[in-house]
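Notes to accompany the following structure.
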Amino acid sequence: MPVSIVIGSQWGDEGKGKIVDLLSNDVDVVARYQGGANAGHTICWDDQEFVLHLIPSGIFHDGVDCVIGNGVVLDPKAVIEEIEQIEALGYPVEGRLHISHNAHVIMPHHKAIEAAQEQGRKSDTDDDAIGTTGRGIGPAYADKFARTGIRVVDLLDRDVLRTKLTRAIEAKNALLKQVYGANQLDVDAIVEEYVELDQKIDPYVTDTAQLLGRALDNDKHVLAEGAQGSLLDIDFGSYPFVTSSHPTAGGCSTGLGVSPVHVNRIIGIAKAYCTRVGNGPFPTELENEMGEHLRKVGAEFGATTGRPRRCGWLDLVALRYTTMINGFTELVITKLDVLSGLDEIKVCVAYQYDGKETQRFPSEAHTLERITPVYETLPGWDEDISDARHWSDLPSAAQDYLRFVEEHSRAPIGSVSIGPRRDQIISDVNEAPVA
Ligand code: GDP
Ligand code: IMO
Ligand code: MG
């Protein structure tokens, strides 16, 4: 059985959680392959809403196993809290959640370094901060690649952890003091707190690459859940205003230990417009009433930090770029309902840079900052579409909008989401005639 991947095609918060939850009806395993508790994946059912940060969005489905892969950076306290919250809702987690022994661990010193680095990028006149989520992601990945990180397996051995953690915090304290002039961390208090976690985390830890390999041998269907978005990828995003992992398709193989030969479906999630949280270039950003309108109607506030999301028109140059990088076999367009009631809708079809028109997405931030978007204007629609369940229920202007997106992104649209709830989905797009 194959592997499917769900990937954010923009700057994150495209509605991946909702779509992974829906697809979990038909899979055996859901696996996170990168990122950490910087993610906020919202799932809504009946009148409930739950935001997952680390645990895969298949956890609310009986019989689905959930994996936190080696490519994730794990905050052990955050995962234990999340397990307790989910179990309090009546969903069993033990026996269904499997955490890679090789995943790297986020510790208080990663968050302290990140806070000091972000502060250091601000001055009275400039703000060059990345606008991170403050979850310690960048410094934890930096330690991983510097080969100084602590892994989940180290949490299980109190003596090893005590030694490694003491060494790590002492080194970071020197950095915090000498480079950033920041407060020192209490080595003993942190060591005592974290050695106690071994028993809590132990039941979940395993070799998840082996587990996934066995699942595939046994014809199980694995769904890989990307966090963040392709334009936040460390290599392909608007560096340095990116996250420190690979949300793009390639990250799935290294982040889980699953060979690309198994992957046969790569689903790109795209909002019908664009949003971005944090700093960095955003060519189609609307810093006006229309931007406010999208933020209000789309309830665009961060699921992890509560920050207002920056809003703008759909950027088809960027979407074509992320389709190329990921090889999307289909797109799911979310939040189409948010565009209802507009007289006209703009979409960016090209960039202007140095007086020339281009179709190339420049991932380097300094070029992207100087882009002027070239827009086409499409007619809007008045109807409330949140009760639509079939392609034929959509007004023709909404159908035309989707066909335009499909043509310019060069990926077929598989489904369309028209509200936050599970039932608010249109899945017969492909069966509908293409004009
Ligand atoms: P993720 O990080 O990609 O999982 O997305 P988030 O959960 O951070 O943000 C998406 C937000 O939009 C959440 O509040 C969802 O409940 C909501 N949402 C998802 N799909 C739709 C949709 O089609 N329409 C509307 N109005 N809201 C949606
Ligand atoms: P989900 O999975 C939106 C952004 C941060 C910041 C940059 C780097 O919910 O889509 P980091 O803390 O990762 O070092 O911050 O990346 N960012 C996200 N934006 N959705 C996310 O996750 C994000 N995770 C990180 O705002 O700009
Ligand atoms: Mg989110």
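The values are calculated or read from the model by the stated rules, or taken from the named source; none is laboratory data. Computed from a predicted structure; not experimentally measured. Cβ placement follows ideal geometry from the backbone for every residue including glycine, while neighbour counts extend to all protein chains displayed. Just the protein is used for accessible areas: all its heavy atoms, side chains included, with ligands, DNA and RNA removed. Shrake-Rupley method; radii C 1.70, N 1.55, O 1.52, S 1.80 Å.
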> When the stretch 264-313 is examined, which residues are found to be crowded, with 19+ Cβ neighbours inside 10 Å, of a type in the set (S, T, N, Q) and over 19 Å from the mean Cα position of the chain (by Cα)?
Replying inline: THR284
> Scanning the stretch 140-166 for residues that are open to solvent by 50 Å² or more (accessible area, probe 1.4 Å) and of a type in the set (S, T, N, Q), which turns out nearest to GLN34 (Cα to Cα)?
Replying inline: THR148
>> I'm trying to understand the selection: among the residues of the stretch 20-45, which are open to solvent by 10 Å² or more (accessible area, probe 1.4 Å) and assigned to a helix (DSSP H, G or I)?
In response: LEU22, LEU23, ASN25, ASP26
> Across the stretch 59-73, which residue is farthest from ALA215 (Cα to Cα) among those that are over 15 Å from the mean Cα position of the chain (by Cα) and open to solvent by less than 10 Å² (accessible area, probe 1.4 Å)?
Replying inline: ILE59
>> Tell me the residue from PRO420, PRO433, PRO379, PRO373 that is touching a residue at least 60 places away in the same chain (Cβ under 8 Å) and either within 16 Å of ligand 3 (Cβ to nearest atom) or surrounded by fewer than 16 Cβ atoms within 10 Å (Cβ to Cβ) (or both), please.
In response: PRO420
> Looking at (1) closer than 27 Å to GLY257 by Cα; (2) part of a helix (DSSP H, G or I); (3) in contact with a Leu (Cβ under 7 Å, 6 or more places away or on another chain); (4) open to solvent by less than 30 Å² (accessible area, probe 1.4 Å), which is the one condition that is false for ALA215?
Replying inline: (3)
>> Name the single residue that is farthest from LEU336 (Cα to Cα) among those in the stretch 257-305 being of a type in the set (Ser, Thr, Tyr), away from ligand 3 (no atom under 13 Å from the Cβ) and in contact (Cβ under 8 Å) with a residue 40 or more places away in the chain.
In response: THR284
> Would a scan of the stretch 111-119 turn up a residue that is of a type outside the set (A, V, I, L, M, F, W, C) and in a loop (DSSP other than H, G, I, E, B)?
Replying inline: no
> Out of all the residues in the stretch 14-51, which are of a type in the set (Val, Ile, Thr) and over 18 Å from GLY255 (Cβ atoms)?
Replying inline: ILE19, THR42, ILE43, VAL51
>> Quick check on the stretch 314-335: of everything there that is of a type outside the set (D, E, K, R) and part of a strand (DSSP E or B), which residue is farthest from the chain's Cα centre (by Cα)?
In response: LEU314
> Conditions: (1) in contact with an Asp or Glu (Cβ under 9 Å, 6 or more places away or on another chain); (2) over 17 Å from GLN34 (Cβ atoms). HIS98 meets all but one. Number of the miss?
Replying inline: (2)
